[in-house]
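Q: Encoded as structure tokens, here's the structure I'll be asking about.
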Amino acid sequence: MVGIEPLHNLLTIYACGPTVYRYAHVGNLRTFLLLDLITRLAHLNGWKTRVIQNITDVGHLIDDSQVDAQGEDKILEQAKLEGKDPFAIARYYEAAFHRDLAALNVQPADVYPRASESIDLIIDICKRLQDQGHAYVGSDGSLFFDANSFPTYGAISGNSLGHLRPGHRFEGKSDEAKRFHADWALWKNAGTDRAMTWPSPWGNGFPGWHIECSAMSLEHLGDSIDIHLGGIDLRFPHHEDERAQSNSAAGREVVKHWIHGEHLLFEGRKMSKSSGNVVLVSDLIERGLDPLALRLSFLESRYRTQLDLSWAAISAAHKTITRWRSHLAEWRSIETTISEATQAWLTHGLELLQEDLNSPALIQLLRRIEKDETTPPDQRAIIFDFFDHFLGLDLGRLPEHESSAEIDALLAERESARRNGQWKIADELRNALAELGIEVRDTATGQVWEKR
Ligand SMILES: [Zn+2]
């Protein structure tokens, strides 16, 4: 990876994890995949990795610009909505997050620290910041970070303090509790009539979202971290605030590289609940698509460009994976040595990835090799197998058989309905099969079917 030089071949990465109050949609998953791609490339480079991804299970408000202690926590709100205990909500969606990652072949992080289990660490760093003069107690009893005490605020996003206008994003009555409009809460004093609170030197309350990441990254990775990752929407204010806190506490520049994944659009619009275009991994499975088709769709564009995804693109990726799997099953040979030409392809493909993860160029290269008659099949297999360590598409898996138990059962059921003159049921089953891509026709001797 050009420009990245891990000390002693150990690459340390911190990735901002999910706030576990709902299922991750595929836009969120695109950011989580970026962590996996960097980790896999590091391994291909022969480096070791230490990867930490936090689980935010407390303290992320509906609108974090409202640092008001009465502000609604995303998890508390969902708990109210579902009529469940907030910790039950958090654990449920945390488990769903891990299932989604597994479906996309994302290799697990080394540690997934939970904010709710890191409260002592968070209180420690808050105390340190207060002792150092970077934090003060506001008129509502909450502890605030003094943005003006950190001269290089804005270095990641370009939003320096002089450019931030009061009232632009900081509204709400809690503004009255702090000294300066761009200051933010490290610990929110919340009294006792609220779930998910803990005792602290600043009263019973809960941590701010930004300080969670500073506390957990410093604890698990120390004060020199190679890469800090997150979606582009976290660049400001979340990462600016994290940087101010971590650098102030550690007395040094903690993170060497901030890397941000770009937004995902779906059929032209940003994926959001309000747009009604939220797509989950389970939606792919329901449509009979391999979740890894999503992974290939993501790989076909650069992580730092916006990607406009569609069902057509995911279906096309599904077909590509299926084709590659059946090719590979044919191409492989037991007695194989790597030819010089193949070695050159491998080197070239790796170089593409070192240039800021140019995965679309790698995929184009593979499409070329797929059709290249001058490369013997066994050599093509070596190349595809090698790059699958990065692509993570399970290309070694045998392609799914044309039929499946489900299709077989539906066909048998329809045949018997037809024989018994249950035409309405037979028609319904015909529609169900059509959904699975199976076209059924009735002939004098019985039903025949083919895959469309
Ligand atoms: Zn974070």
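Q: Sorted by accessible area with a 1.4 angstrom probe, largest first, how do Asp36, Asp233, Asp223, Asp290 fall?
A: My answer, sorted largest first, is Asp233, Asp223, Asp290, Asp36.
Q: At 222 nm, what value in deg cm²/dmol follows for the chain if DSSP H runs of at least 4 each add -39500 (n - 2.57) and the sum is divided by all its residues, to the nearest 500?
A: The per-residue figure over the chain is -13500 deg cm²/dmol.
Q: Over segment 265-391, what is the mean sequence separation of C-alpha contacts under 8 Å (at least six apart), divided by residue count, expressed as relative contact order in percent?
A: 26 percent
Q: Turning to a different aspect of this structure: If each Cα of segment 82-140 is one equal point scatterer, what is log10 of I(q)/I(0) from the Debye formula at q = 0.23 Å⁻¹?
A: Results for segment 82-140 at q = 0.23 Å⁻¹ read -0.95.
Q: Would you mind getting the accessible area per residue of the chain, heavy atoms of the protein chains only, 1.4 Å probe, in Å²?
A: Normalised by residue count, the accessible surface of the chain is 46 Å².
Q: Which percent of the accessible heavy-atom area of segment 7-261 goes to carbon and sulfur, probe 1.4 angstrom?
A: 49 percent
Q: Modelling each spin label as a point 7 Å along the Cα-to-Cβ direction, I'd like the Asp385/Ser315 distance in nm, to one decimal.
A: 3.4 nm
Q: Now, a different point. Can you return the aspartates and glutamates within cross-link range of Lys424? Criterion is Cα-Cα under 15 Å, with same-chain partners fewer than 8 residues away left out.
A: Glu413, Glu415, Asp442
Q: Probe 1.4 Å, all protein chains in place: accessible area of Met271 in Å², nearest 10?
A: 10 Å²
Q: Expressed as a whole percentage, what fraction of the accessible surface of segment 405-451 belongs to carbon and sulfur atoms when a 1.4 Å probe is rolled over the protein heavy atoms?
A: 50 percent
Q: So for segment 405-451, Kirkwood radius off the Cα pairs, Stokes-Einstein at 10 °C and 1.306 mPa s: how many µm² s⁻¹?
A: Answer, rounded: 152 µm²/s.
Q: Between Ala195 and Arg287, what FRET efficiency comes out of the Förster formula 1/(1 + (r/R0)^6) with R0 = 30 Å and r the beta carbon distance, rounded to 0.05?
A: Once the sixth-power term is evaluated, E becomes 0.20.
Q: Which lysines have a Cα lying under 23 Å from the Cα of Lys319, excluding residues fewer than 8 positions away in the same chain?
A: Qualifying lysines at Cα under 23 Å: Lys371, Lys451.
Q: Using 0.36 nm per residue of separation minus the Cα-Cα distance, give me the extension gain between Leu350 and His181 in nm, one decimal.
A: Full-extension gain reported as 56.1 nm.
Q: Positive end of the charge dipole of segment 85-222 (Lys, Arg +1 and Asp, Glu -1 on Cβ, about the Cα centre): tell me which of Ala195, Asn159, Ala88 has its Cα farthest that way.
A: Among Ala195, Asn159, Ala88, the one farthest towards the positive end of the dipole of segment 85-222 is Asn159.
Q: Right, next: Starting from the residue with the highest accessible area, list Phe386, Phe145 in decreasing order, probe 1.4 Å.
A: Ranking Phe386, Phe145 by accessible area, largest first, yields Phe386, Phe145.
Q: I would also like to ask the following. Placing one identical point scatterer on every Cα of segment 265-391 and ignoring solvent, what is log10 I(q)/I(0) from the Debye formula at q = 0.12, 0.20 Å⁻¹?
A: With no solvent term, the Cα-only Debye profile gives -0.53, -1.16.
Q: State which stretch of the chain is the longest one without any exposed GluC sites (Glu not before Pro), exposure meaning a DSSP loop state and at most 14 other Cβ atoms within 10 Å.
A: The answer is 73-170.
Q: Provide the percentage of antiparallel DSSP beta bridges, counting only those with both residues in the chain; round to the nearest 5.
A: About 50 percent, rounded to the nearest 5.
Q: If I take R0 = 45 Å and measure r between the Cβ atoms of Glu267 and Asn420 in this structure, what FRET efficiency does the formula 1/(1 + (r/R0)^6) give, to the nearest 0.05?
A: Step by step, r from the Cβ atoms, then E = 0.55.
Q: For segment 322-364, what is the largest minus smallest coordinate of the Cα atoms on each principal axis, given in angstrom and ordered from greatest to least?
A: 34, 28, 11
Q: Using alpha carbons only, what's the Rg to Rh ratio of the chain with Rh from Kirkwood?
A: With Rh from the inverse mean 1/r over Cα pairs, Rg/Rh is 1.06.
Q: First compute the accessible area of segment 265-391 with a 1.4 Å probe, then give the percent of it belonging to carbon and sulfur atoms.
A: Here carbon and sulfur together make up 52 percent of the probe-accessible area.
Q: Looking only at segment 259-274, which residues have a backbone nitrogen under 18 Å from a spot 7 Å from the Cα of Leu81 in the C-beta direction?
A: In segment 259-274, the label zone of Leu81 (backbone N under 18 Å from the point 7 Å along Cα→Cβ) covers 271-274.
Q: Continuing with this model, one more query. Above 34 angstrom, tally the Cα pairs of segment 7-261 and express them as a % of all pairs, no decimals.
A: 14 percent
The values are calculated or read from the model by the stated rules, or taken from the named source; none is laboratory data. Quick caveat, the model's predicted, so the values are computed rather than measured. In this analysis, Cβ positions are derived from the backbone assuming ideal geometry, glycine residues included, and neighbour counts consider all displayed protein chains. Just so you know, the surface numbers come from the protein's heavy atoms only, side chains and all, with ligands and any DNA or RNA stripped out. Shrake-Rupley method; radii C 1.70, N 1.55, O 1.52, S 1.80 Å.
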